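Colleague: Got a structure here, written out as structure tokens. Questions coming.
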Amino acid sequence: MPETRVKLTTNNRPIGRVLLACMVLGFASLIAAGFAAAWLTGQNQEHTRWVNHTYEVELAIAQASIAIEQGETPRRGYLITRSPIYLATYRANRAKQPEILARVARLTADNPAQRANYAKLTMLVADLQRQRDLTVSLVEQGRGREAIAEFFTETGARRMNKIRAVARQMADAERRLLTIRDADQTRSLRAFYIVLGIAGLILLFVAVLSVMTVMRYTRDLTRSRDSLNTLNETLEEQVIERTKDLSLANDEIQRFAYIVSHDLRSPLVNVMGFTAELAATVTPLEELLARAEEIAPDIVTEEARLAVREDLPEAVGFIRTSTQKMDRLINAILKLSREGRRVITPEPLDIAELVGTIKGSMQHIIDERGASVSVAGTIPTLTSDRLAIEQILSNLIENATKYLKPGRPGVITVTGVEERGRVLLSVADNGRGIDIRDHSRVFDLFRRSGTQDQPGEGIGLAHVRALAYRLGGTIDVASELGEGATFRLNLPKILTTQDLKA
Amino acid sequence: MTEHQTVGIVMIEDDEGHARLIEKNIRRAGISNGIRHFTDGGTALDFLFNAPDGPALNGPALILLDLNLPDMSGTDILGKIKAEGSPLRRTPVVVLTTTDDKIEIQRCYDLGCNVYITKPVNYESFATAIRQLGLFLSVIQVPEIEA
């Protein structure tokens, strides 16, 4: 017969694990890249701030230079025109200067070189300012001539050049700084872009891996599902096939049992028949012996008397009992084989009611043996063959009342539960129990267990098992010696005619 | 059987013991017709159809047939006897066998068997059954053979 074995794929686990490890690694790298990018962004901001700072410094220096230069124009105007407008402009400009210079000082406070330059600058500016103030105040006092003479003698232009040089120096220094800081900024920006690029690559890698993993698992799942489907589809066929085989084998056994029992019966008819004939001959012989004893006692030997009166009836008796036993055994086999041929007709059964009927039919035996039979809880309904179930249960209950533990009143309980389309019926007693070694043996034909103090041929449980099989069920026993026994019957909840052999 | 001496009983039974017990009990019922006993189907058929003193050529008969024979099935013999055109098709056949299989019984009646008796294993019943058969044989009419 065709065998269908479908293996579920489990061999790609190492690959899956590697894939998973790669994914974890990818995600870890991605997180690291994120941190790096954040850090680099911080760096970049810092650099930008410094570049801006440099620009600010440059601007401040330029403003200072302009302010200083601008101071000269109103002074000269005032010197020449003595117009108070120039004086006001000069004063306003002068008042602005300290603030502008202070700003340069503030911005360059972190740079020692610039500080030195700044000191030089302030000194020069202070010098220049003193000279300017002097000329302006001379004009104010009406000493214009003196002021102009002073103007001529002063070294204003030189001093101004010096200031310009220092300012230029400072601006140059800042420009150098700017170049460096620009480079720094560019570098950090480049690093940022590199990190960003790497992160992008990792992201791509992880994405590809993820897609691969998902696809792989999906494929595995699909394959598993397909395998399961195939298995499911063929399962029914396999079951049908097996059932067919089983029922064929069963038929074979039934036929065998039937033929054997018939063929055994045939010689048995002879044995029993001729034994009866033999027994019938005893009567005329007995009469003959009696007459011989009466008419001619001398011809009657002790041997003849024993033969006719004892040996012959004894032999016939033994042959009779043995053949009768053999007849019972053969009939048991026949009954079993006939049971296998009986047409099973499933119908809904109320087990509790059935147990009640059985109880009623054997009430006298139950009372006589001092037992009680009860149904515990509700028993699920069952669709099966009434006669077969009745025979099974009555056999089990009868057995339970038969093998009680002396001195303990028998309590027999029938229970039932439903479990995944099957009904488990239990017949439990508190009797003498069955040795674990005999648990499977008790279901064999002509086999019995424990003390042989009860009449019986060892047929009941064999019959029960044959019936259980016939109904698509199984039976087993849970028991310990002296502790009672529980016979558990597992039957399909709904027996359909398809379950039975065709 | 009104013409006692002319109706022969043909017994086809492979078991000598059974044959003997059957004969004894038929005799006990007061039947004195001649009984021809065959233990296999081939010889029995040969006698039935071809023997000069056999029923086909020489007078009416009654057949006691066992189904379990060594060389052929009893139903085959029954089929041949009851076949269309057989000179013995009206000859009463009593199937006397151990088989009590329903289907087998049906088949025998379908083939035209006149009586089907299952041999009881218990000898008391066996003896009673055969004696009753004997009583039955003593009252039935057997048709003439059409040559």
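Colleague: Need a quick list: strands (runs of 3 or more DSSP E) entirely within segment B:1-107 having at least 1 residues that are within 14 Å of chain A (Cβ to nearest Cβ) and touching a residue at least 24 places away in the same chain (Cβ under 8 Å).
Modeller: Numbers: elements: B:8-12, B:35-38, B:61-65, B:93-97.
Per the criteria, B:93-97.
Colleague: Right, something else. Can you confirm whether segment A:250-259 contains a residue that is surrounded by 13 or more Cβ atoms within 10 Å (Cβ to Cβ), farther than 27 Å from A:Lys325 by Cβ and not charged (D, E, K, R)?
Modeller: yes
Colleague: Taking the condition of being within 17 Å of A:Ile351 (Cβ to Cβ) and among the β-branched types (Val, Ile, Thr), how many residues in segment A:412-462 meet it?
Modeller: 7
Colleague: Which numbered condition in (1) surrounded by fewer than 14 Cβ atoms within 10 Å (Cβ to Cβ); (2) at pLDDT 85 or above; (3) touching a Leu at 6+ places or on another chain (Cβ under 9 Å) is the only one that A:Arg145 fails?
Modeller: That leaves (2) as the condition not met.
Colleague: A further question follows. Could you please tell me which pairs satisfy a Cβ distance under 7 Å, a separation of 6+ or placement on different chains, a first residue in segment B:123-134 that is facing chain A (nearest Cβ under 10 Å), and a second residue that is basic (Lys, Arg)?
Modeller: B:Phe126/B:Lys119
Colleague: Please verify whether A:Arg242 is of a type in the set (D, E, K, R) and at pLDDT below 80, treating the condition exactly as stated.
Modeller: Working: of a type in the set (D, E, K, R): yes; at pLDDT below 80: no.
Criteria not met by A:Arg242.
Colleague: Oh, and also: Considering only segment A:141-174, state which residues are touching a residue at least 24 places away in the same chain (Cβ under 8 Å) and among the charged types (D, E, K, R).
Modeller: A:Arg159, A:Lys162, A:Arg164, A:Glu174
Colleague: Are any of the residues in segment A:8-31 at pLDDT 85 or above, closer than 22 Å to A:Arg187 by Cα and out of contact with any strand residue (DSSP E or B) (no Cβ under 7 Å at 6 or more places or on another chain)? Can you show your working first?
Modeller: Kept after step one, since they are at pLDDT 85 or above, are these residues of segment A:8-31: A:28, A:31.
Those left that are additionally closer than 22 Å to A:Arg187 by Cα: none.
No, segment A:8-31 contains no residue that is at pLDDT 85 or above, closer than 22 Å to A:Arg187 by Cα and out of contact with any strand residue (DSSP E or B) (no Cβ under 7 Å at 6 or more places or on another chain).
Colleague: Which condition number does A:Arg465 fail, the rest of (1) in a loop (DSSP other than H, G, I, E, B); (2) under 27 Å from A:Gly340 (Cα atoms) being met?
Modeller: Of the numbered conditions (1) in a loop (DSSP other than H, G, I, E, B); (2) under 27 Å from A:Gly340 (Cα atoms), the odd one out for A:Arg465 is (1).
Colleague: Another question, if that's okay. Here are some residues: A:Leu404, A:Leu471. Which one is at pLDDT 85 or above and under 29 Å from A:Ser261 (Cβ atoms)? Can you show your working first?
Modeller: Values: A:Leu404 fails: under 29 Å from A:Ser261 (Cβ atoms).
Criteria check complete, one pass: A:Leu471.
Colleague: Right, next: Only one of (1) under 12 Å from the mean Cα position of the chain (by Cα); (2) modelled with pLDDT under 90 is not met by B:Cys113, so which one is it?
Modeller: (2)
Colleague: Out of (1) in a helix (DSSP H, G or I); (2) of a type in the set (S, T, N, Q); (3) crowded, with 18+ Cβ neighbours inside 10 Å, what's the single condition that is false for A:Asn430?
Modeller: So the condition that A:Asn430 fails would be (1).
Colleague: I've got another one for you. Could you go through segment A:449-467 and let me know if any residue there is touching a strand residue (DSSP E or B) at 6+ places or on another chain (Cβ under 7 Å) and touching a residue at least 24 places away in the same chain (Cβ under 8 Å). Write out each step before concluding.
Modeller: Step one: filter segment A:449-467 for residues touching a strand residue (DSSP E or B) at 6+ places or on another chain (Cβ under 7 Å), giving A:464-465.
Okay, now just the ones that are also touching a residue at least 24 places away in the same chain (Cβ under 8 Å), so A:464.
Scanning segment A:449-467 turns up at least one residue that is touching a strand residue (DSSP E or B) at 6+ places or on another chain (Cβ under 7 Å) and touching a residue at least 24 places away in the same chain (Cβ under 8 Å).
Colleague: In segment A:419-462, what count of residues is obtained for those that are of a type in the set (Asp, Glu) and at pLDDT 90 or above?
Modeller: So in segment A:419-462, the residues of a type in the set (Asp, Glu) come out as A:419, A:429, A:435, A:438, A:444, A:453, A:457.
Then drop every residue that is not at pLDDT 90 or above, which leaves A:429.
Counting residues in segment A:419-462 that are of a type in the set (Asp, Glu) and at pLDDT 90 or above gives 1.
Colleague: So which helices (runs of 4 or more DSSP H) are wholly in segment A:264-373 and hold at least 1 residues that are closer than 30 Å to A:Thr415 by Cα and either of a type outside the set (Ser, Thr, Tyr) or within 14 Å of chain B (Cβ to nearest Cβ) (or both)?
Modeller: Working: elements: A:302-306, A:312-341, A:351-361, A:363-368.
Qualifying helices (runs of 4 or more DSSP H): A:312-341, A:351-361, A:363-368.
The values are calculated or read from the model by the stated rules, or taken from the named source; none is laboratory data. Just so it is clear, the structure is predicted and the values come from calculations on it, not from any experiment. With ideal geometry, Cβ positions are generated from the backbone for all residues, glycine too; neighbour counts draw on all protein chains shown.
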